[in-house]
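The values are calculated or read from the model by the stated rules, or taken from the named source; none is laboratory data. Because the structure is a prediction, the values reported are computed rather than measured. All Cβ positions, even for glycine, are placed from backbone atoms using ideal geometry, and neighbour counts span all protein chains on display.
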Amino acid sequence: MCQLFGMNCNTPTDVTFSFAGFAQRGGRTDHHADGWGIAFFEGAGLRHFVDHQRACDSPVAELIRRYPIKSRNVVAHIRKATQGSVALENCHPFVRELWGRYWVFAHNGNLENFQPRLHASFQPVGATDSERAFCWLMQELGKSHAGVPSVPELTLTLRELAPRLARHGPFNFMLSNGQALWAHCSTRLFFVERKHPFAHAHLADEDLSVDFARGTTPRDRVAVVVTAPLTTNESWVAFEPGELRVFVDGQESR
């Protein structure tokens, strides 16, 4: 199945180190070669890049590696196609607007026989189960809240909605609106919280190390969520199946 990546921080942070390792899984250290994408929130704006080529040697991925975009919320995806052809419109993450804010979604899994009734506001462009699931989630969130809800209110609603989708098959996903990062696990997800005192880390997929203590302050916090741990010397925490976690300002929010 696909590979997911999410980052949530309390201060704009560049994702160059983590993305360098993650991109190798798109055709070099793993067989996920059917496209990739990444989205960076910057205030109310969003930078969104997708490519149907494999991530390990995509020219667009090389641009991301060389251009240290800083963001407080990032969602990335490397695709192993199950439903829908290898095409640009089927590459995650997908983007929609709700309540005057961008929402970004990426999914790992395979939802069988999922053909929900969708109203005009949210319709898929491509042919994936993932984009249909995203449209349905946005539709149901909009129906559940008359006004703009808080992060805790959104978390409660997502905890009610996610199991309804997971009945159709594995439903690992990342969702962000630029305020928070929600991550749901059906089969496999891990996270790590980086904070003071920052340590030295070494990538699992590439011979690259970084000392996070350089260029950070004692107040900085970064949470990273992935399908499989990106580094070999950090304490990654495994999600439980069926668990939804939310991260705000670089740490898990209860």
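Before moving on, here are some points about what is shown:
- Across segment 153-172, a minimum of one residue is classified as modelled with pLDDT of 95 or more, polar (S, T, N, Q) and under 27 Å from S58 (Cα atoms).
Each row is one residue, and each column tells you yes or no for (1) more than 21 Å from E243 (Cβ to Cβ); (2) among the polar types (S, T, N, Q); (3) in contact (Cβ under 8 Å) with a residue 60 or more places away in the chain.
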{"site": "L137", "(1), (2), (3)": "no, no, no"}
{"site": "K143", "(1), (2), (3)": "yes, no, no"}
{"site": "V148", "(1), (2), (3)": "yes, no, no"}
{"site": "T155", "(1), (2), (3)": "no, yes, yes"}
{"site": "L158", "(1), (2), (3)": "no, no, yes"}
{"site": "A166", "(1), (2), (3)": "no, no, yes"}
{"site": "F173", "(1), (2), (3)": "no, no, yes"}
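- Filtered by the rule that a residue be under 12 Å from L46 (Cβ atoms), among the basic types (K, R) and in contact with a Gly (Cβ under 8 Å, 6 or more places away or on another chain), segment 73-111 gives a lone residue, R101.
- Total residues in segment 215-250, condition surrounded by 13 or more Cβ atoms within 10 Å (Cβ to Cβ) and touching a residue at least 60 places away in the same chain (Cβ under 8 Å): 19
- In segment 43-158, counting only strands (runs of 3 or more DSSP E) that sit wholly within it, none holds 3 or more residues that are exposed (fewer than 14 other Cβ atoms within 10 Å of the Cβ).
- In the set R101, R117, only one residue is at pLDDT 95 or above and of a type in the set (K, R); that residue is R101.
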